[in-house]
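Student: First the structure, which I've put down as structure tokens, then a few questions once you've had a look.
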Amino acid sequence: MDLAINLQRATGKLLSERMGIRADLSRQLFLDIAVNWFRDFDRIKLDETKGVRPARLIAYLMFWIRKVKPVSAAYREADIRAALSSGRAVPSSKEIIDINERVAILLAFEFLADYAKGKSIIVYDASQGMDRPYVYDRARFDAAVDRYLNQRLGSDGKSVLQTLIRDMRYKAFGPHNLVHLMDQFVFRLVSE
């Protein structure tokens with residue numbers, strides 16, 4: 001199944017190139033994600049007869065990554081190198097246990113950028129009274145993602161990213177929650 005293979009590749013690339021992490025990626029679990037996502041997509045298409053919003057598609061994919069957890073034994077490259085140079089194993093305390101939530105979030109924004117590049121994010125322009133494609137600008141998009149994820153919430157100083165990771169991992173958190181988050185990011189992106 002192409003989605004499973006592409007998702008596994010994208011995850012491997014994200015981990016190694018952007019995050020500096022080495023991990024095990026389960027081919028079977030990526031296949032499980034793809035099967036469940038396609039089931040959801042077939043059902044969602046019935047609701048959205050004019051086309052499914054990219055934010056909704058991505059949110060369901062995020063949900064399945066977070067739920068199925070295809071990434072395991074994740075360690076920072078620096079921790080692996082330090083362990084190898086000392087002749088010891090990487091301490092188990094260095095394993096990144098929330099890696100699947102982190103991957104789900106970061107991949108979501110990468111996929112959303114891909115949709116934006118392809119002019120597939122359609123927004124309502126109230127000033128014109130019509131739908132129009134979002135005009136992608138990589139620097140603006142990346143800055144918007146950074147502002148959104150690093151925005152501080154409340155007096156505890158936790159960011160949206162930290163709160164989202166915790167909630168995805170430890171709270172009842174379904175695909176609908178993620179749809180709303182991704183939609184709000186798109187709405188905010190358009191208003192900037």
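The values are calculated or read from the model by the stated rules, or taken from the named source; none is laboratory data. Given the structure is predicted, the values throughout are model-derived calculations rather than measurements. Here the Cβ is made from the backbone with ideal geometry for all residues, glycine too, and neighbour counts use every protein chain on show. Just the protein is used for accessible areas: all its heavy atoms, side chains included, with ligands, DNA and RNA removed. Shrake-Rupley method; radii C 1.70, N 1.55, O 1.52, S 1.80 Å.
Student: From the list L29, L7, which residue is closer than 17 Å to A73 by Cα, in a helix (DSSP H, G or I), out of contact with any Leu (no Cβ under 7 Å at 6 or more places or on another chain) and not small (G, A, S)?
Tutor: Step by step, each of L29, L7 is checked, and only L29 is closer than 17 Å to A73 by Cα, in a helix (DSSP H, G or I), out of contact with any Leu (no Cβ under 7 Å at 6 or more places or on another chain) and not small (G, A, S).
Student: Might you let me know whether region 153-175 holds any residue that is among the hydrophobic types (A, V, I, L, M, F, W, C) and open to solvent by 80 Å² or more (accessible area, probe 1.4 Å)? First the steps, then the outcome.
Tutor: Going through region 153-175, the residues among the hydrophobic types (A, V, I, L, M, F, W, C) turn out to be 153, 160-161, 164-165, 168, 172-173.
Narrowing the set further to residues that are open to solvent by 80 Å² or more (accessible area, probe 1.4 Å) leaves 172.
Scanning region 153-175, I find at least one residue that is among the hydrophobic types (A, V, I, L, M, F, W, C) and open to solvent by 80 Å² or more (accessible area, probe 1.4 Å), so the answer is yes.
Student: To continue, here is another question. Looking at the structure I just gave you, is D32 surrounded by fewer than 18 Cβ atoms within 10 Å (Cβ to Cβ), free of Cβ contacts under 8 Å to residues at least 12 places away in the same chain and acidic (D, E)?
Tutor: no
Student: If you check every pair at least six apart or on different chains, which have Cβ atoms under 9 Å apart with a residue in region 119-134 that is more than 14 Å from M182 (Cβ to Cβ) and open to solvent by 80 Å² or more (accessible area, probe 1.4 Å) first and a residue that is assigned to a loop (DSSP other than H, G, I, E, B) and among the hydrophobic types (A, V, I, L, M, F, W, C) second?
Tutor: Once the first residue is more than 14 Å from M182 (Cβ to Cβ) and open to solvent by 80 Å² or more (accessible area, probe 1.4 Å) and sits in region 119-134, its partners that are assigned to a loop (DSSP other than H, G, I, E, B) and among the hydrophobic types (A, V, I, L, M, F, W, C) give K119/V135.
Student: Does R138 satisfy the criteria of being touching a Ser or Thr at 6+ places or on another chain (Cβ under 9 Å) and open to solvent by 40 Å² or more (accessible area, probe 1.4 Å)?
Tutor: Against the criterion (touching a Ser or Thr at 6+ places or on another chain (Cβ under 9 Å) and open to solvent by 40 Å² or more (accessible area, probe 1.4 Å)), R138 does not qualify.
Student: Now a separate question. So if I check each of R22, R43, R18, R9, which one is surrounded by fewer than 16 Cβ atoms within 10 Å (Cβ to Cβ) and over 17 Å from the mean Cα position of the chain (by Cα)?
Tutor: Selected residue: R43, the only one of R22, R43, R18, R9 that is surrounded by fewer than 16 Cβ atoms within 10 Å (Cβ to Cβ) and over 17 Å from the mean Cα position of the chain (by Cα).
Student: Checking V103 against (1) surrounded by 14 or more Cβ atoms within 10 Å (Cβ to Cβ); (2) over 20 Å from W37 (Cα atoms): exactly one of these is not met. Which one?
Tutor: If we test V103 against (1) surrounded by 14 or more Cβ atoms within 10 Å (Cβ to Cβ); (2) over 20 Å from W37 (Cα atoms), just (2) comes out false.
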